[in-house]
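A short write-up of the structure that comes next.
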Amino acid sequence: MKKNQIDIITLGCSKNLVDSESLMRMFQRKGFVCKHDAEHVEGEYVVINTCGFIEDAKQESIDTILEFAQAREEGLIAGLYVMGCLSQRYQKELEAEIPQVDKYYGKFNYKQLLEDLPAPTQKADEKASVKQNTTPSHYSYIKISEGCDRHCAYCAIPIITGKHVSRPKEEILDEVRALVAEGVKEFQIIAQELTYYGVDLYGKRQIAELIDEMAQIKGVKWIRLHYAYPNQFPMELLDVMRRNDNVCKYLDIALQHISDRMLDRMRRNTTKQETMHLIEELRKAMPGIHLRTTLMVGFPGETEEDFQELMEFTRWARFERMGAFAYSEEEGTYSAEHYEDDVPKEVKEARLSKLMRLQQGISAEIEAAKIGKVMKVIVDRREGDYYVGRTEFCSPEVDPEVLIPVANRRLRKGCFYDVKITGAEEFDLYGEALT
């Protein structure tokens, strides 16, 4: 093991990733060397940042803890620490079941790690900035708030993270300025509910003002928005998109379902008519916008009629980007306490497969329509004979990528190029760099 090295493993969403990045920077300021998601863990200490959102994510977190608990027993690491959503919710149970872990932390007290680990004797990194980017150096995730005031029937997030808490606007803008100075060009703006930003601090929604001010910062080339909520969507945010070319024409807005009966049982505080009207207004106000959504199948009480209504809605909406998942009962949620999980597993899986097959066809048609167009692309990396990049309509890791043949050209990671689209598959494009 390497003395004074901490290996941090992040599970779950990009909001967890931001916490890991902040913690890494704090450790570096104390003189530790930090590695993130290393292929071969070799540090003196291991910190696991867990996810506790749905059953599969919880199981992955538990399996990872058990793997390193064995390494701790065998003396391969000097210390094992666990933080994040799973330990926030199940700390006492985890302490009893996996005592090999030196200490468990929750979602908000993980900075105590800085006091609990002995400070190294080597010199601290005094130049360390706000957070250590674990992503490619040209893009970064910015978390603008924590928690959620919504109480959707299926969701455990408010139980884990508590009420919505916005970060002060100037603190966020200062972070963006600092990252721009380090070479970051593209910013993924994330929150559990992005569009509620500012209500707790300023008495009203301030997401449009925040993004508008962020767009004015010199060096900010792309801003992309994640995790909006459909109820009372702030349409002024679209005015900001129109005014600022560096605000990507992209919106991640989870809808979950469309049947009024399901929306009511899910406690989504919206209706089918309101949802369809919102989509029409979004597309009308911002032609060419790419909408990403998440849909759920198999919620308690979902009938075949409800599911077919969801399928028909998906055909109508033609989402450029869509993910879907089957309902998983989470203890403590409204649905777990009030509904029977009555849709059989095999029915959930069949519905999920049908919905995703439908979306694959829609995605293939939407991507094929881009052939012949010239699009602005940022290059993320090189893989074999291709440079791999993204358009403004593509968020890292979850959306289609653009594959550009290496040929005899040298493209630089983190730089923008005009690319002519020459081919398309269901989820990827092919193109030739023109500039």
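The values are calculated or read from the model by the stated rules, or taken from the named source; none is laboratory data. Treat the numbers as computed from the prediction; the structure is a model and nothing was measured. When we count neighbours, we look across all protein chains shown, and the Cβ atoms used for this are built from the backbone with ideal geometry, even at glycine. To get the accessible areas, we keep the full protein, side chains included, count just its heavy atoms, and leave off ligands, DNA and RNA. Shrake-Rupley method; radii C 1.70, N 1.55, O 1.52, S 1.80 Å.
Things worth noting here:
- Here the Debye sum runs over all C-alpha atoms of region 319-369 as equal scatterers in vacuum, and log10 of I(q)/I(0) at q = 0.18, 0.24, 0.28 Å⁻¹ comes out as -0.68, -0.88, -1.01.
- 1.4 Å probe accessible area per residue over the chain, in Å²: 44 Å²
- Note that region 9-25 has calculated 3J(HN,Hα) couplings of 10, 10, 10, x, 8, 5, 5, 5, 4, 4, 4, 4, 5, 5, 5, 4, 5 Hz, one per residue in order, obtained from phi through the Karplus relation 6.51 cos²θ - 1.76 cosθ + 1.60 (θ = phi - 60°); glycine and proline are x.
- Per-bin percent of Cα-Cα distances, region 209-343 [5 Å]: 2, 9, 18, 20, 17, 12, 9, 7, 4, 1, 0
- DSSP beta bridges in the chain [antiparallel fraction, %, rounded to 5]: 35 percent
- Å³ per residue enclosed by the Cα convex hull of region 1-137: 106 Å³
- The H on the amide N of Ala424, modeled in the peptide plane, is under 5 Å from the matching H of Tyr430, each at least 5 residues off or on a different chain.
- Ligands, DNA and RNA left out, the 1.4 Å accessible surface of region 317-432 is 45% carbon and sulfur atoms.
- Along principal axes, Cα extents of region 80-192, largest first, whole Å: 46, 46, 24
- Percent of beta bridges antiparallel (DSSP, region 126-246, rounded to nearest 5): 20 percent
- For region 160-243, applying the loop criterion from DSSP together with a ceiling of 14 other beta carbons within 10 Å to the trypsin sites (Lys or Arg not before Pro) yields Lys163, Lys204, Lys218.
- In order along region 422-435, the Karplus-derived 3J(HN,Hα) couplings, from 6.51 cos²θ - 1.76 cosθ + 1.60 at θ = phi - 60°, round to 10, x, 8, 10, 3, 10, 9, 10, 10, x, 10, 6, 9, 10 Hz, and Gly and Pro are given as x.
- Overall form of region 372-435 per C-alpha gyration tensor (a/c, 1.5; a/b vs b/c): rounded
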